[in-house]
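Report on the structure given below.
The values are calculated or read from the model by the stated rules, or taken from the named source; none is laboratory data. Values in this document were obtained by computation on a predicted structure and should not be read as measured data. Cβ atoms come from the backbone with ideal geometry, glycine included; neighbour counts cover every protein chain shown.
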Amino acid sequence: MDYLLEFLLVIGLGGAIVLLLFFLSGIRYIPNNRLGVVEKRFSFGKGSVKSGFIALNGEAGYQPQVLRGGLHYLMPIQYVVHIAPLVTIPQGKVGYVFARDGAPLAPDQTLASNVNANNFQDVEGFLRFGGQRGPQRRILREGTYAINLMQFVVITEERVFSLPLSREDAEVVRKMADVINERRGFRPVIIKDTDDLVGIVTVHDGPSLAQGEIIAPIMGDDPSYPETFHNNFQDPDRFLRAGGNRGRQLQVLVEGTYYINRLFATVEMISKTTIDVGMVGVVVSYTGGTGADLSGLEYRHGELVERGKRGVWSVPLLPGKYAFNTYAGKVISVPTTNIILKWIRTEVGSHRYDENLTEVSLITKDAFEPSLPLSVVIHIDYQKAPLVIQRFGDVKRLVEQTLDPMVSAYFKNIGQTRTLIQLLQERSQIQQIAGQEMKEKFEHYNLQLEEVLIGTPTSASDDMAIETILTQLRQRQIAVEQIETYARQETAATKERELREAEARAEQQRNITESELSITVQTNQGKAEYQRALQQAAQIRALAQAEAEKTARVGIAQALATEEQVRAYGGPQFQVTQQVLNRFAEAIQQSRVDVVPRVVVGGGSKDGGISGGNSIIESLLALLLSEKLGVSLTDQANAPRSPEAETLRKQIYDSMQKSKPAAPDTSAK
């Protein structure tokens, strides 16, 4: 009995321990950086899931709710908790979601439509409100999400967040990841302003385009209507609700960052359309509604429509940069500056519209066959550029299919009416006439002819006839030029002779001028010297008069003295005799000759001695001199004074009296 009780006690205690352990096994711990996906193994009274993958009504299967970090209690054996990581999307990246359960996709769907399921964290709400299985249109942005990884598979660039079910399921997820990676879908679309690019969007979901359409029109995206605002294809559901179609879109993406699901839409980068200065862009639109023809009923070269319609737009694009979708149309650049077209094989204009043009082959009136090089300058009015494109398609086609044959035919006709020499000599006249006559033809094609330039006709390398004509013309011209040269040389020689004469005349004129100036200077100098001479003569005259007067006075005084001496000596004969004897005595004294002999024989003297000798000699000399002079000594001594001498004697006597100092006045004493 005791053993039985002990056994039962042991069994009860062991059962209690087992039961306790059984109940304790229902406790689950979930780390805070993890979550738990609950799987219900069996359900009392509800059975298993009848459809789908997730048990929404408590059936056996994977439950929609997840367990977050912490302690949780679940019935042991009935529940299994699968630990899974939280989904983390790095900064600047996006994540793609694949739903394993939900409503099936419609035939025209590629991606599952989104419902408001709190970024796929509300599995029950997702399934109850019509969430669809398969790849989802909505993407996950940066952040951390507690997602049931049994219902959703999240694909990021770094890893795939999933709880594997089967090998086939893993293969589907891997292929989807490869497609996204090829499209660079894990990063947003970034268009830099420095790249001058635009994004061409191609949508891979939604209804197809209508028959005949090649590009989807712009749908919605108006912020004033939130229900259609798809924010540049970043909200696929709104895009489709607005009526958007799959295919290449007319709307383009410009500079900015766009978080676009690359499974929904891909983006191709193309360059912006640049219209340079001096050009306009004529738009040929491949899409849009049918517009009214603006070119008129008489113009039957295609339709000219307003902007946005299908056809050639009537208003061209002016210089600038445009985010133009080149898949929806093309922009044909038309130069508005002057276009130079050269009909010259070896030369090409800057626009290269004339790269296939060659010289015009002519047949002249005198049967020569020269080639005529041409240059034609044309201008296209920017407002008429759409008409030109509407008629010809592009400018090069206009040049090659219309202008080339028209210009060639015109100058062929000109060549047939003129000889080769006339073509050479009348080039300017032909050029002027051609410019006037061809202007109207160009205006018919909406072109403005600015100028026609004609070159020198040339011949083929084996044709020397034209060269012969040209040589003769050159020789003729050389002869004419020689005649002109000789005439000019003759004129130059005449001019040179005249120049030499003028130079000689100028040189002589210089000498004449110098001589005239010299004469003038000498005349002035003569006048000056003459005046000085007059002054000197007057001075000399005055001095002479003074000297003469002085000399006269002295002479008169001497004369008076001499006269007085003469009178004192008994007349002029005695004076002369005295002077002669004085000179004679001086001569005898200087010669030291004895004039009187030392022994004298006296005789005839009253005294009878030597003393009578001197008187005799003096008497003889006086007698001789008086006879020579013809003057009687006795008469001269007794002759009276002349009146002039008496007057002069008186004047001198008066002046001498005046010049005497006054006698001191003693009366006062």
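General observations
- The residues of the range 22-52 that are farther than 12 Å from LEU71 by Cβ and in a strand (DSSP E or B), listed by number, are ARG34, LEU35, VAL37, VAL38, GLU39, LYS40, SER48.
- Checked against the criteria, ILE433 does not count as free of Cβ contacts under 8 Å to residues at least 60 places away in the same chain and either in a loop (DSSP other than H, G, I, E, B) or closer than 18 Å to THR458 by Cβ (or both).
- If you check ASP381, ASP354 for being crowded, with 20+ Cβ neighbours inside 10 Å, in a loop (DSSP other than H, G, I, E, B) and not assigned by TED's automatic domain parsing to the domain that holds VAL305, only one passes: ASP354.
- Every residue from the range 107-129 that is of a type in the set (Val, Ile, Thr) and touching a residue at least 60 places away in the same chain (Cβ under 8 Å): THR110, VAL123
- Yes/no for ILE332 being in contact with an Asp or Glu (Cβ under 6 Å, 6 or more places away or on another chain) and touching a residue at least 40 places away in the same chain (Cβ under 8 Å): yes
- For the range 1-49, the tally of residues that are surrounded by fewer than 10 Cβ atoms within 10 Å (Cβ to Cβ) and either at pLDDT 80 or above or in the same structural domain as MET150 (by TED's automatic domain parsing) (or both) stands at 3.
- Criterion: assigned to a loop (DSSP other than H, G, I, E, B) and in contact with a strand residue (DSSP E or B) (Cβ under 7 Å, 6 or more places away or on another chain) - qualifying residue of GLN211, GLN234: GLN234
- Residues that are farther than 30 Å from LYS321 by Cβ, surrounded by 18 or more Cβ atoms within 10 Å (Cβ to Cβ) and touching a Ser or Thr at 6+ places or on another chain (Cβ under 6 Å) do not occur anywhere in the range 168-191.
- Any hit, the range 338-347, residues being in contact with an Asp or Glu (Cβ under 9 Å, 6 or more places away or on another chain) and free of Cβ contacts under 8 Å to residues at least 24 places away in the same chain: yes
Quick grid of which residues meet (1) surrounded by fewer than 18 Cβ atoms within 10 Å (Cβ to Cβ); (2) in contact (Cβ under 8 Å) with a residue 24 or more places away in the chain; (3) of a type in the set (Phe, Trp, Tyr); (4) part of a helix (DSSP H, G or I):
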{"position": "HIS230", "(1), (2), (3), (4)": "no, no, no, no"}
{"position": "ASN261", "(1), (2), (3), (4)": "no, yes, no, no"}
{"position": "MET269", "(1), (2), (3), (4)": "yes, yes, no, no"}
{"position": "LYS321", "(1), (2), (3), (4)": "yes, yes, no, no"}
{"position": "ASN325", "(1), (2), (3), (4)": "no, yes, no, no"}
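- Criterion (surrounded by 15 or more Cβ atoms within 10 Å (Cβ to Cβ), of a type in the set (Asp, Glu) and over 25 Å from ASN232 (Cβ atoms)) met by exactly one of ASP293, ASP276: ASP293
- Selection from the range 219-228 of residues that are surrounded by fewer than 15 Cβ atoms within 10 Å (Cβ to Cβ) and either out of contact with any helix residue (DSSP H, G or I) (no Cβ under 7 Å at 6 or more places or on another chain) or assigned to a loop (DSSP other than H, G, I, E, B) (or both): ASP222, PRO223, SER224, TYR225, PRO226
- Of all residues making up the range 407-425, the number that are surrounded by 15 or more Cβ atoms within 10 Å (Cβ to Cβ) and either out of contact with any strand residue (DSSP E or B) (no Cβ under 6 Å at 6 or more places or on another chain) or small (Gly, Ala, Ser) (or both): 12
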